[in-house]
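Visitor: I am attaching a structure below and will ask some questions about it afterwards.
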Amino acid sequence: MNVHPRARDYTQSSLGKLIPDESELTAGVKIEPRKQYGFFTDTTVCIGCKACEVACKEWNNLPADNVGLTGHSYDNTGALSANTWRHVNFIEDSFSKDSGGKSVRDNDQSPFQSGWLMMSDVCKHCHHAPCMEACPTGALFKTEFDTVVVQQDICNGCGYCVPACPFGVVEVSKADGKAHKCTLCYDRLKGGLEPACAKSCPTDSIQFGELSDLQARAKKRVAELHDRGVHTAYTYGTPDGPGATGDMQYLNAFFLLTDRPEAYNLPAAPTRPSNRIAPALTAGLATLAGLALAAVALMASGGEEPHRGR
Amino acid sequence: MDDRVKPVATSREQDMPERRGWSGPTYYGRSQLKAAPFDPWIVGGYIFLAGLSGSAAVLSNLAELVRGKRAADVGRRGRYLSMLAPTLGSLLLIVDLHTPQRFYNMFRIAKRTSPMSIGTWILSSFIPFAGVGFLSQLGADVFKLAGLSRFARLSFAPAAVSGAGLSTYTASLLSATSTPYWAAQPKELAMRFAASSIASGAAALSLGAKSDANRRTLETIGAAALAVELAATVMSHKTVKAKGVAESLKSDWGKTEEVAALGLGVLLPLGIYAATRLRGRKPTSANDLAALATLVGSAMLRVSTLGIGDDSARRPEVSLRFSQPENLPPPKRRLKSV
């Protein structure tokens, strides 16, 4: 067993106080300001238990969105929203037929579950976060842990972050009129705790850690899967790969996938929206300038025209 | 029927996805993006008023610059029209916030990566000049003071500069998002909005113009702007088709755009101006109709653009098609992060 030596100091099941730097024991990483942290979500080991969804709701005190059945496999959550910051996708076999004609988890097992993909989706905490770049009040900001958080006491609910997000993550809550999304457990990070979803994940599908470390782990895992015959495995959101296109550079919360991004409801090639400001402003001002020049010419030439019919 | 029943693209089709829409998998047909929580009528109304006031300030200042006293009535109406954005327009912006009592947080920062922040400061720089111009014009009209109207004219001049920004920045507000219909066409949308702004400004100034000469010139400017808008509309539709977003033009909002923005707002006034000009008659009520149609069409262009954008964000076959690698911009110089 891979147990941190400090874990032996805390043998009781119930403690009266926090364990200092608890994340060292649970995630093997010490949380310090001015370092980059993120999530590596390895979908090949996700079992769809939704412990992450529950842990997130519990810790962040979020209400349920939809109490009912959607008919979409085991996914009754539906989508990320103002109140749902982790969402487990369930993708059944028929989706994945188009990845080379073979089912992604095709192997010698009996047919059931062999092509069933599960993926715990979350805010990507983008390097160039479009929501943060769009925010006109500065409510959205980069924390000392390189994560993206909405300051609830600043947000005025303009809603501009919602269409800015290329992943459909942020939402303005009808209940309080503010934008909400995953904070990567900013409060827990401050207290040296691993984010709730990652801590609760029983298969380590959700891994929390320093970004460079996670990216190295993901690279190793992809190579390992390729060796084992899962040639469809790739990372989504690592530097300049799929999901980090169009000047997005990289996502602090990235994924290991085995089917095309669209199957997981992810865009294949998102772009950085703020790069479209300059072309739009230039084209608009140029058009206006052209018409203003034409107006000056018309005013200068037609002014002496006698008033007809008077 | 479930979306999964749709035929799945072969690997060859994956390399060249259909122009119409995404034919690969979607996640149970669920939206991949979230639509902007803007009310199309409220925000579209603001964009219209910003364009109208901004362009009225630009055109009336130019008219007084070129024609001097002979265009005094144009300048006067320009100063009145320019008050629409600071008053009604600002109110619409605040009403559309989901926490309106915190509207002042817009003034906490200035941020060049956020067109909403850029727009906040453009509008803020427009308000004082438009306000002083309007108040002194009002004073001149009420107390018949010639000196005050000269002050109105001078103090209003800087409003032309921020008015140019106010007429155009709203296209970047929409394009700098991930909503496919807006993101697909930053340049084309900007050309349409700028031309529509000038057309609406000229139309509003021409209504009730005292001299036929000024009125005719304003109508010609309006017609030229409408012609540019028509050309930009053709370019815009071509671009969204090429980028696979055209399915959203078939939505109800798309039809609204075709009928109200293009038919009523561009083709009808262009036809009326052409007909009256060919007959060489003095402006009639048909010209008033053309100006009114231009104004309604300009407003409906903004409202329907917001609606079509929302539709494109909600439909996964549109957004997943739009975010294919073939639509990536060529690598360019990078904007520094904030």
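The values are calculated or read from the model by the stated rules, or taken from the named source; none is laboratory data. Keep in mind the model is a prediction, meaning the values are calculated, not measured. Glycine gets a Cβ as well: all are built from the backbone with ideal geometry, and neighbour counts include every protein chain shown.
Visitor: Output the residues belonging to region B:181-217 that are over 15 Å from the mean Cα position of the chain (by Cα) and not small (Gly, Ala, Ser).
Guide: The answer is B:LEU205, B:LEU207, B:LYS210, B:ASP212, B:ASN214, B:ARG215, B:ARG216, B:THR217.
Visitor: Select from region A:85-137 the residues that are modelled with pLDDT of 70 or more, more than 15 Å from A:GLY168 (Cα to Cα) and in a loop (DSSP other than H, G, I, E, B) and list them in ascending order.
Guide: Selection gives A:GLU92, A:TRP116, A:HIS127, A:HIS128, A:CYS135, A:PRO136, A:THR137.
Visitor: Exactly one condition in (1) more than 30 Å from A:ALA294 (Cβ to Cβ); (2) out of contact with any strand residue (DSSP E or B) (no Cβ under 9 Å at 6 or more places or on another chain) is not met by B:PRO25; state its number.
Guide: (2)
Visitor: Further question on the same structure: Here is a list of conditions, (1) of a type outside the set (Asp, Glu); (2) farther than 30 Å from B:LEU262 by Cα; (3) surrounded by fewer than 21 Cβ atoms within 10 Å (Cβ to Cβ), and B:VAL161 meets all of them except one; can you say which number that is?
Guide: In the conditions (1) of a type outside the set (Asp, Glu); (2) farther than 30 Å from B:LEU262 by Cα; (3) surrounded by fewer than 21 Cβ atoms within 10 Å (Cβ to Cβ), B:VAL161 misses (2) alone.
Visitor: Ok, one more. Just give me the residues in region B:77-91 being assigned to a helix (DSSP H, G or I) and either over 23 Å from the mean Cα position of the chain (by Cα) or more than 13 Å from chain A (Cβ to nearest Cβ) (or both), in sequence order.
Guide: B:ARG77, B:ARG79, B:TYR80, B:LEU81, B:LEU84, B:ALA85, B:PRO86, B:THR87, B:LEU88, B:GLY89, B:SER90, B:LEU91 - these are the residues of region B:77-91 that are assigned to a helix (DSSP H, G or I) and either over 23 Å from the mean Cα position of the chain (by Cα) or more than 13 Å from chain A (Cβ to nearest Cβ) (or both).
Visitor: Continuing with this model, one more query. For region A:233-262, enumerate the residues that are more than 13 Å from chain B (Cβ to nearest Cβ) and of a type in the set (Gly, Ala, Ser).
Guide: A:ALA233, A:GLY237, A:ALA253
Visitor: Just one of the numbered conditions (1) at pLDDT below 95; (2) at the interface with another protein chain (Cβ under 7 Å from one of its Cβ atoms); (3) in contact with a Phe, Trp or Tyr (Cβ under 8 Å, 6 or more places away or on another chain) is not true of A:ASN265; which one?
Guide: Of the numbered conditions (1) at pLDDT below 95; (2) at the interface with another protein chain (Cβ under 7 Å from one of its Cβ atoms); (3) in contact with a Phe, Trp or Tyr (Cβ under 8 Å, 6 or more places away or on another chain), the odd one out for A:ASN265 is (1).
Visitor: Restricting attention to region B:57-76, which residues are more than 12 Å from chain A (Cβ to nearest Cβ) and either among the aromatic types (Phe, Trp, Tyr) or within 21 Å of the chain's Cα centre (by Cα) (or both)?
Guide: none
Visitor: Which of the numbered conditions does A:LEU62 fail, given that it passes all the others? Conditions: (1) free of Cβ contacts under 8 Å to residues at least 60 places away in the same chain; (2) of a type in the set (A, V, I, L, M); (3) within 28 Å of A:THR232 (Cβ to Cβ).
Guide: (3)
Visitor: Name the residues in region A:243-294 that are among the hydroxyl-bearing types (Ser, Thr, Tyr) and either in a loop (DSSP other than H, G, I, E, B) or surrounded by fewer than 24 Cβ atoms within 10 Å (Cβ to Cβ) (or both), would you?
Guide: A:THR245, A:TYR250, A:THR258, A:TYR264, A:THR271, A:THR282
Visitor: Would it be correct to say that B:LEU306 is within 12 Å of chain A (Cβ to nearest Cβ) and either part of a helix (DSSP H, G or I) or basic (Lys, Arg) (or both)?
Guide: Yes, satisfied.
Visitor: Listed residues B:GLY265, B:GLY254; which is within 22 Å of the chain's Cα centre (by Cα), in a helix (DSSP H, G or I) and surrounded by fewer than 24 Cβ atoms within 10 Å (Cβ to Cβ)?
Guide: Just one listed residue meets the conditions, B:GLY254.
Visitor: Does region A:49-73 hold any residues that are surrounded by 15 or more Cβ atoms within 10 Å (Cβ to Cβ) and either among the charged types (D, E, K, R) or within 18 Å of A:VAL122 (Cβ to Cβ) (or both), and which are they?
Guide: Scanning region A:49-73 gives A:CYS49, A:LYS50, A:ALA51, A:CYS52, A:GLU53, A:ALA55, A:CYS56, A:LYS57, A:TRP59, A:ASN60, A:LEU62, A:ASP65.
Visitor: Looking at B:SER53, is it modelled with pLDDT of 95 or more, of a type in the set (Gly, Ala, Ser) and surrounded by fewer than 20 Cβ atoms within 10 Å (Cβ to Cβ)?
Guide: Taking the combined requirement at face value, the residue does not satisfy it.
Visitor: Is it the case that region B:237-249 has a residue that's among the aliphatic types (A, V, I, L, M), part of a helix (DSSP H, G or I), facing chain A (nearest Cβ under 10 Å) and farther than 21 Å from A:SER274 by Cα?
Guide: Scanning region B:237-249 turns up no residue that is among the aliphatic types (A, V, I, L, M), part of a helix (DSSP H, G or I), facing chain A (nearest Cβ under 10 Å) and farther than 21 Å from A:SER274 by Cα.
Visitor: Going through region B:104-120 one residue at a time, which ones are surrounded by fewer than 18 Cβ atoms within 10 Å (Cβ to Cβ) and either in a helix (DSSP H, G or I) or within 8 Å of chain A (Cβ to nearest Cβ) (or both)?
Guide: B:TYR104, B:PHE107, B:ARG108, B:ILE109, B:ARG112
Visitor: Mind checking which residues of region A:148-175 are at the interface with another protein chain (Cβ under 7 Å from one of its Cβ atoms), among the aliphatic types (A, V, I, L, M) and farther than 29 Å from A:THR245 by Cβ?
Guide: Correct list: A:ILE154 only.
To keep it simple, each residue is scored yes or no on (1) under 19 Å from B:ALA152 (Cα atoms); (2) in contact with a Phe, Trp or Tyr (Cβ under 7 Å, 6 or more places away or on another chain).
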{"site": "B:GLY68", "(1), (2)": "yes, no"}
{"site": "B:ALA71", "(1), (2)": "yes, no"}
{"site": "B:GLY75", "(1), (2)": "yes, no"}
{"site": "B:LEU88", "(1), (2)": "no, no"}
{"site": "B:LEU92", "(1), (2)": "no, yes"}
{"site": "B:THR99", "(1), (2)": "no, no"}
{"site": "B:ARG108", "(1), (2)": "no, no"}
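Visitor: Considering only region B:129-231, give the helices (runs of 4 or more DSSP H) lying wholly within it that have at least 2 residues that are within 14 Å of another protein chain (Cβ to nearest Cβ) and modelled with pLDDT of 95 or more.
Guide: Per the criteria, B:159-175, B:180-183, B:186-206.
Visitor: Assuming A:ALA294 fulfils every condition listed in (1) closer than 20 Å to B:ALA63 by Cβ; (2) small (Gly, Ala, Ser); (3) more than 8 Å from chain B (Cβ to nearest Cβ) apart from one, which condition is it?
Guide: So A:ALA294 meets the others, but not (3).
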